[in-house]
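For reference, the structure is listed below as structure tokens.
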Amino acid sequence: MTAMRFSAFLGLFSLFLTLLAPVTGFATPPAEKPSYTQIRLFSPATATGEAETVAVAVEVVMKEGWKIYWRTPGDSGLPPTFDWTGSTNVADHTVKWPAPHRFTIYDIDNIGYKHSVVFPIDITPQTTGAALDLHLKMDLLVCSDICVPETRTAHLSLPAGLSEASGDMPLYDAALKTLPVPAEGTIETGRAHV
């Protein structure tokens with residue numbers, strides 16, 4: 001009889017530990033998905049001013065060894081997407097793509113960015129001069145030896161009123177200098193005579 005009681009005790013004790021595990025931390029929690037990028041939405045201005053477009057930018061910082069893609073990624077990859085759903089006073093936007101770098105992953109040529117990149121963006125407000133409340137959802141394909149899709153979000157509110165340079169103006173100006181510029185001069189085209 002003692003052996004049966006001991007066996008029943010062990011069964012009940014095991015059940016008790018199983019039920020107690022989630023409360024006390026004995027169970028292994030699900031692993032948090034690692035992040036390979038961080039984004040920050042900012043403006044070189046302190047307010048919207050009276051211009052037809054408002055300058056903002058997205059800074060993307062990648063972990064060492066990780067890359068994201070350009071608008072035309074090359075043989076593989078996907079470009080970042082910029083979704084402004086939930087924003088107020090936004091009629092349109094234009095992303096300005098900095099000059100990319102060429103890199104090779106497993107003998108596949110790709111075009112994109114490593115370390116960090118700042119995307120200048122022109123926001124066209126629905127109502128010029130009114131405040132902007134920007135909610136950005138950015139989808140990225142981040143690659144090293146493997147590729148991982150990531151979604152990042154950022155928020156920025158710009159009040160209406162007189163616009164002055166913000167503390168981020170130097171970073172924005174530096175980003176503008178990374179934009180590709182058209183070649184100067186003209187290119188002669190025509191038929192060669194043989």
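The values are calculated or read from the model by the stated rules, or taken from the named source; none is laboratory data. This structure is a prediction, so every number in the text was calculated from the model and none was measured. Cβ coordinates were reconstructed from backbone atoms using ideal geometry, including for glycine residues, and neighbour counts include every protein chain displayed. Note: areas computed on protein heavy atoms with side chains; ligands, DNA, RNA excluded. Shrake-Rupley method; radii C 1.70, N 1.55, O 1.52, S 1.80 Å.
Right, Asp75: within 30 Å of Ser157 (Cβ to Cβ) and surrounded by fewer than 17 Cβ atoms within 10 Å (Cβ to Cβ) or not? Judged against the criteria, Asp75 is not a match.
Apart from one condition, Ile111 fits all of (1) buried (at least 17 other Cβ atoms within 10 Å of the Cβ); (2) modelled with pLDDT of 95 or more; the exception is (2). Of all the residues in region 78-90, those that are part of a strand (DSSP E or B) and open to solvent by 40 Å² or more (accessible area, probe 1.4 Å) number 3. Where strands (runs of 3 or more DSSP E) sit wholly within region 102-170, those with at least 3 residues that are under 20 Å from the mean Cα position of the chain (by Cα) and under 19 Å from Val90 (Cβ atoms) occupy 116-124, 132-143, 147-158. Of the numbered criteria (1) over 22 Å from Gly49 (Cα atoms); (2) open to solvent by less than 60 Å² (accessible area, probe 1.4 Å); (3) polar (S, T, N, Q); (4) touching an Asp or Glu at 6+ places or on another chain (Cβ under 8 Å), the one Thr124 fails is (1).
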